[in-house]
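The structure appears below as structure tokens.
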Amino acid sequence: MKNSQPNILFIQFDQLATHALQIYGNPVVKTPHIDSLAEQSVVFENAYCNFPLCAPSRFSMLSGQLCSRIGAYDNAAEFPASVPTFIHYLRAMGYQTSLVGKMHYVGPDQLHGFEERLTTDIYPADYIWTGDWSIDKPPYAADMRALTDAGVCTRSVQMDFDDVVCHRTQQKLYDLARSSDNRPFFLTVSMTHPHDPYLCTQEYWDCYKHDDIELPEVGRPEDSEQDAHSLRLLHQCGLTEFEATDEQIRNARHGYYGAVSYVDDKVGEILKVLDANGLRDNTVIILTSDHGEFLGERGLWFKRSFFEPASRVPLIVSAPDQFSRRRVKQNVSLMDLFPTLLEFGSAKRAPEMVQEIDGESLCGLMDGNDDNWSDTVYGEILSEGVLTPLFMIRKGVYKYVYSKADPSQLFDIKSDPNELNNLSGQDKFEQMENEFMQQVTSKWDSDALSEEIVQSQQTRLFLQKVLSRGKHTAWDYADTDEVTVHCYRGEGSYNDWAYTAIN
């Protein structure tokens, strides 16, 4: 590592699947800006989220801890202000920290270490999406409009949001370049695309020939052949009563691919401003997603599953003057970003850790050194859609999935990348399965965790009902009017104001 603190630009997408990117083998999707960035980056081939759902995935990533340790059970579980994030540590190490876009914070703390937010969030900060194990189909679950209404649109609320995110990011980079604040910056840019609805404008739809949009590699099995958790996911979304046609599937994938190209262009616009201001050489760029997306594989859509399309995420780290271009095959997770970022900023000694974290620094792997790497990833699903906590361990080429309520699953991802052959219960894998089970029981107390989750759900459901009565005070972050920041208001002379903000 260089003996200085680099700037860090952290770009996160929502629901961007690895199998929808050329750098991970998709021959159809057009992402020239991400591809170009990857050409000079470390690309992680087996990166996973630790909870394939928006808010819990982000809370786990930011805290470097499994969600079960911090109470992040679903999309409406409060992220405690008392839990340190890597943002707090970077700020303690001298970084100026800014957030633009979505982070899906739940609770009254809408910063969690950031000095500023430049936009509000696109999702609510209250308990309205609280999970409830007592019902099998929550009222806010995704539905089949994602498939029946997929295609071309002139405009969507998600485009409105991401256009603002990109604009304010560009403006922030200009402001950073001409600022007298000499601290290095940590700038998080978080877009909501390509999350469903599967829509894009005509411009991005026309990037693709419709007949080139491939259908899922793995079709929908008969319900009798589906695993128990997948059946619940199908039911939640209304898919047990609805089977999409090939044309509906192709439309949805076409719209999604267009949305991927749309955010790729956003990446290009942001990097263009980074370059124009001479910031690229001393800026580490990290690009990832909070979770994946099925896109019809196995007949499933969205996320909330440990199958590869939903739980595996893209992870690209560009620091050309520190790490050579390489592909890393070892298993890593988003929790590993916490210690990695602290190592990036460690020219000034990192403050002593006040809480134990679960991640490991990726810097050794990026340097080509895999000595002592555990090659193990842990995952949890604790939200609606399960009957008891669902756990995942990926170690080496094997993935083990366990819940007290469902039959276990064991897959060899190398020889069976589509996870079609469940090895659980086979005699030749008995010892391996026993070892995985020992890891599960040593890491989690499923019964105790179940009680904690149900208690949390009941408490939050009560609070949400009460707080919806009478005058409602929202926790959502209210952003300032960005335009006024750049206006002359009579303080000092006009010329001093006009000529001191020029790059």
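Quick notes on this structure:
- Placing +1 on each Lys and Arg Cβ and -1 on each Asp and Glu Cβ, with no other charges, gives the chain a dipole about its Cα centre of roughly 1080 debye.
- When only alpha carbons are used to place a centre, region 397-437 and region 338-378 end up 29 Å from one another.
- With the charge dipole of the chain set up from +1 on Lys and Arg Cβ and -1 on Asp and Glu Cβ about the Cα centre, the Cα lying farthest toward the positive end among the listed residues Leu187, Ser63, Gly425 is that of Leu187.
- Computed helical MRE - 222 nm, the chain, DSSP H runs ≥ 4 contributing -39500 (n - 2.57), nearest 500: -9500 deg cm²/dmol
- Cβ-derived FRET efficiency at R0 35 Å, His235 paired with Lys428, nearest 0.05: 0.55
- Ala92 paired with Asp479, simple spin-label distance in nm, labels 7 Å along Cα-to-beta-carbon: 3.0 nm
- Degrees, to the nearest 10: 54-63 long Cα axis against longest axis of the chain: 60 degrees
- Filter on Lys172/Lys443; Lys102/Lys329; Lys102/Lys465; Lys209/Lys266 - keep pairs with C-alpha separation over 31 Å: Lys172/Lys443
- Nearest-0.05 FRET efficiency for Tyr140 and Lys471, computed from C-beta distance (R0 22 Å): 0.40
- Taking Ile135, Ile122, Ile23 and counting other C-beta atoms within 10 Å, the order from fewest to most: Ile135, Ile23, Ile122
- Under the shape rule built on the C-alpha gyration tensor, where the axes satisfy a ≥ b ≥ c, region 1-130 is oblate, since a/c reaches at least 1.5 while a/b does not exceed b/c.
- Of the trypsin sites (Lys or Arg not before Pro) found in region 177-257, those that fall in a DSSP loop while having at most 16 other beta-carbon atoms within 10 Å are Arg178, Lys209.
- Neighbour count of at most 14 Cβ within 10 Å plus DSSP loop: longest chymotrypsin sites (Phe, Trp or Tyr not before Pro)-free window in the chain: 243-487
- Given charges at Cβ of Lys, Arg, Asp, Glu: region 234-315 dipole, positive-most of Gly268, Thr245, Trp301: Gly268
- Contact order normalised by residue count of region 175-263, Cα under 8 Å, 6+ apart, percent: 56 percent
- Relative contact order (%) - region 122-209, alpha-carbon pairs under 8 angstrom, separation at least six: 45 percent
- Anisotropy class of the chain from Cα gyration tensor, a/c 1.5 cut: rounded
- Mean separation of Cα pairs under 8 Å and 6 or more residues apart, divided by the residue count, gives the chain a relative contact order of 26 percent.
Read the figures in this text as sums done on the coordinates, not as results from a lab. Every value quoted in this text rests on a predicted model; they were computed, and no experiment measured them. Neighbour counts are summed over all protein chains in view; Cβ atoms, including those assigned to glycine, are modelled from backbone coordinates with ideal geometry.
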